[in-house]
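This report concerns only the one structure given below.
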Amino acid sequence: MTEPTDNTPASAAHIAAMQALRAALLAQHKVLIANDRLQYDAIFGPVPTGRFVQLLTEDAWFRWLDPLSRLIVALDEWLEQTPPQADAGIALADEAAKLFRHTDVEFGERYRLALQQAPDAVLGQSQVVAALRGAPQSPPDASGKSGKSDAPVAKEPDASANEGDGA
């Protein structure tokens, strides 16, 4: 199999995999926003929907979601291309895998917290992992790292960590 070049159109399977990745990311984004809104409302009091939308784009509280928001927009733009280019799709899948490996410290910290707070986020995490595993990504580099995730993308909360040491 040859590596895609700058002008290689994505295959139908590649496009379908990227649509699945977009759907998983979008669903997880929605869960993360809902969880953050609950946390925000608990501290600052409820806000009307219009004000909340403004907070999502302007308030530092929600800034950690920006990398995920931008990734979803980039996937939308890629899917709208005629035809979508394979190499650009691979780069987006690599970017998603990197994001969920917590190379962005703020995203990683807040994401792990959301996984502990929201059961729906744990379910969404499994869907993101499955979509990433199905998406075409770069082959491993010399260090063995690639966009493809062989290990869990994010650690899920460990229930046993909260249990006592009782024998």
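Between the amide H of GLN85 and those of ALA10, distances stay under 5 Å, these residues lying 5 or more places away or on another chain, with hydrogens modeled in the peptide plane.
Cα extents for the range 1-135 along the principal axes, largest to smallest and rounded to whole angstrom: 55, 27, 22.
Give me D for the range 1-61 in µm² s⁻¹, whole number, from Stokes-Einstein with Rh from the Kirkwood sum over alpha-carbon pairs, 25 °C and 0.890 mPa s.
Details: Rh = 14.6 Å.
Estimated via Stokes-Einstein, D reaches 168 µm²/s.
Once both labels are positioned 7 Å from their Cα atoms along Cα-to-Cβ, the gap between THR57 and ALA20 label points is 3.3 nm.
No value in this document is a laboratory result; all are computed from the given coordinates. As the structure is a prediction and not an experimental result, all values here were calculated from the model. FYI the Cβ positions are ideal-geometry reconstructions off the backbone, even for glycines, and counts take in every protein chain you see.
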